[in-house]
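The values are calculated or read from the model by the stated rules, or taken from the named source; none is laboratory data. Note that the structure is predicted; figures quoted are calculated from it, not measured. In this analysis, Cβ positions are derived from the backbone assuming ideal geometry, glycine residues included, and neighbour counts consider all displayed protein chains. We work out accessible area using only protein heavy atoms, side chains counted, and drop any ligands, DNA or RNA first. Shrake-Rupley method; radii C 1.70, N 1.55, O 1.52, S 1.80 Å.
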Amino acid sequence: MSGFDYFATTLLSTIRDVFPIVVIIFGFQTAILRKSISNLRRVILGFVYVILGLSLFLMGLEMALFPLGETMAKQLTAPAFLAEMKLGLETSLSWEDYYWVYIFAFAIGFSTTIAEPSLIAVAMKANQVSGGSISTNGLRIAVALGVAVGIALGSYRIVVGDPIHYYIIAGYIVVVTQTYYAPKMIVPLAYDSGGVTTSTVTVPLVTALGLGLASTVPGRNPMIDGFGLIAFASLFPIISVMGYAQITQWLNKEEQSSKEGRNAL
């Protein structure tokens, strides 16, 4: 299929997917609310931009991100590369020998999350409604660190072959404990932050990484072991955001206590 035919097919598919959203929004606005849509031309132009952008993005996923993620995973787990990292020693591989996989997983998790459009939107809105008390960049970095740690840990799980439910259960025990102690204003935002990470940029690369790892690590099943990284990418940002809020709260209390101590003197 030529590039133009592929774009036309993707464009038609995107229009079909976006059409129900348009029907619901315009239907409620005109039939239920009975109000005209302000700036109609601007709204229609925005939908055109969305459809074109999604179409081009989906093409980019299939042509670049998916193949890139799988290729990197296969190259990092290739026996020749691992043997070279072990200075050519002919010994059996252990989980420590895959350290470049963990580093790559951490880096790709952090970078894709920082570039995630949905996270940028949530961080900007959180900064607005909190009156600036929640930093836009601080929230993005906290979420990105959580995703990075989660994907690195998920890659380790694939390498060693541990059952995924042990990690998820332990993670949610930490989340429930943090929910009790974290500042109440940050808890809902932390749970939402876990959801916005599973979006357009992060999911394709993380999924490709997991499938590539499970396909090349000996003894792993792509269907059983390849999936599950997205669960780590959703869970650990909740922990990191609440941890970020707890650390900030503790630092503020320490600063306030030191000020009160100086004033007393």
Kindly provide the set of residues from the range 138-170 that are open to solvent by 60 Å² or more (accessible area, probe 1.4 Å) and touching a helix residue (DSSP H, G or I) at 6+ places or on another chain (Cβ under 8 Å), ordered by number.
Ile141, Leu145, Val149, Tyr156
Can you tell me which condition Ile173 does not meet? The list is (1) in a helix (DSSP H, G or I); (2) surrounded by 15 or more Cβ atoms within 10 Å (Cβ to Cβ); (3) of a type in the set (Val, Ile, Thr), and all the others hold.
(2)
Whichever residue in the range 57-71 is touching a residue at least 12 places away in the same chain (Cβ under 8 Å) and among the aliphatic types (A, V, I, L, M) and, among such residues, is most open to solvent (accessible area, probe 1.4 Å)
Leu68
Every residue from the range 72-96 that is surrounded by fewer than 17 Cβ atoms within 10 Å (Cβ to Cβ), modelled with pLDDT under 80 and assigned to a helix (DSSP H, G or I)
Lys74, Pro79, Ala80, Phe81, Leu82, Ala83, Glu84, Met85, Trp95, Glu96
Conditions (1) open to solvent by 60 Å² or more (accessible area, probe 1.4 Å); (2) without any contact (Cβ under 8 Å) to a residue 60 or more places away in the chain; (3) under 21 Å from Ile151 (Cβ atoms); (4) of a type in the set (D, E, K, R) -> Arg41 fails only (3)
Spans of helices (runs of 4 or more DSSP H) in the range 182-265 with at least 1 residues within 16 Å of Val149 (Cα to Cα), open to solvent by less than 70 Å² (accessible area, probe 1.4 Å) and β-branched (Val, Ile, Thr)
202-216, 229-264
Val129 passes all but one of the listed conditions (1) touching a residue at least 24 places away in the same chain (Cβ under 8 Å); (2) open to solvent by 50 Å² or more (accessible area, probe 1.4 Å); (3) hydrophobic (A, V, I, L, M, F, W, C); the exception is number (1)
Scanning the range 134-152 residue by residue, those assigned to a helix (DSSP H, G or I) and farther than 17 Å from Ser111 by Cβ turn out to be Thr136, Gly138
Those residues of the range 108-120 which are farther than 13 Å from Ala142 by Cα, open to solvent by less than 50 Å² (accessible area, probe 1.4 Å) and in a helix (DSSP H, G or I), in sequence order
Ile108, Thr112, Ser118
Are any residues in the range 3-38 open to solvent by less than 90 Å² (accessible area, probe 1.4 Å) and more than 32 Å from the chain's Cα centre (by Cα), and if so, which ones?
Gly27, Gln29, Thr30, Ala31, Ile37, Ser38
